[in-house]
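*Asks:* Once you've had a glance at the structure underneath, I'll fire off some questions.
The values are calculated or read from the model by the stated rules, or taken from the named source; none is laboratory data. Since the structure is predicted, the reported quantities are computational estimates derived from the model, not experimental observations. No Cβ is skipped: glycine too gets one built from the backbone with ideal geometry, and neighbour counts run over all protein chains shown.
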Amino acid sequence: MLGQEFYFEEPFYVGFSVGGFELGLLPSAQPGTVGPQPFLGVANIESAYARLLELGASMLEPVAEVGEGIKVAAVKDPFGNRLGIIENPHFNTSVVR
């Protein structure tokens, strides 16, 4: 979905560098849709949501505005994991290190 390769891969952890942030996946963890829900920031939530569905995800929560121009949505990936996405016009990318 992100269109980039991992920078680190071991049986216990797969690491990606995404816009200056660490995205880590645990290959041996149990897939699920309950518990803490990470949100991946996107520039255009409608196109990102459509792309996730195109790649085989299924809808959990459609795109919804939650106030102040912020929109969220969630899908279940083909492996059974929940993935939330968020479009937040107030997020200041210039402070990302």
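*Asks:* Suppose we filter 5, 46 for residues that are touching a strand residue (DSSP E or B) at 6+ places or on another chain (Cβ under 7 Å) and either assigned to a loop (DSSP other than H, G, I, E, B) or exposed (fewer than 14 other Cβ atoms within 10 Å of the Cβ) (or both); which single one remains? Full working, then the answer.
*Replies:* On the way: 5 fails: touching a strand residue (DSSP E or B) at 6+ places or on another chain (Cβ under 7 Å).
Among 5, 46, only 46 is touching a strand residue (DSSP E or B) at 6+ places or on another chain (Cβ under 7 Å) and either assigned to a loop (DSSP other than H, G, I, E, B) or exposed (fewer than 14 other Cβ atoms within 10 Å of the Cβ) (or both).
*Asks:* Do we have residue 52 as within 13 Å of the chain's Cα centre (by Cα), farther than 25 Å from residue 90 by Cβ and surrounded by 12 or more Cβ atoms within 10 Å (Cβ to Cβ) here? Give the steps one after another, and end with the answer.
*Replies:* On the way: within 13 Å of the chain's Cα centre (by Cα): yes; farther than 25 Å from residue 90 by Cβ: no; surrounded by 12 or more Cβ atoms within 10 Å (Cβ to Cβ): yes.
In short, no.
*Asks:* Another question about this same structure. Out of 52, 26, 40, which single residue is aliphatic (A, V, I, L, M) and without any contact (Cβ under 8 Å) to a residue 40 or more places away in the chain? Steps first, answer last, please.
*Replies:* Values: 52 fails: without any contact (Cβ under 8 Å) to a residue 40 or more places away in the chain; 40 fails: without any contact (Cβ under 8 Å) to a residue 40 or more places away in the chain.
Unique residue meeting the criteria: 26.
*Asks:* Tally time: how many residues in the stretch 6-38 are over 18 Å from residue 78 (Cβ atoms) and modelled with pLDDT of 90 or more?
*Replies:* Total satisfying the criteria: 8.
*Asks:* Let me ask something else. Consider residue 79 against the criteria (1) under 18 Å from residue 34 (Cα atoms); (2) in contact (Cβ under 8 Å) with a residue 40 or more places away in the chain; (3) surrounded by 12 or more Cβ atoms within 10 Å (Cβ to Cβ): it satisfies all of them except one. Which criterion is unmet?
*Replies:* The failed condition is (3).
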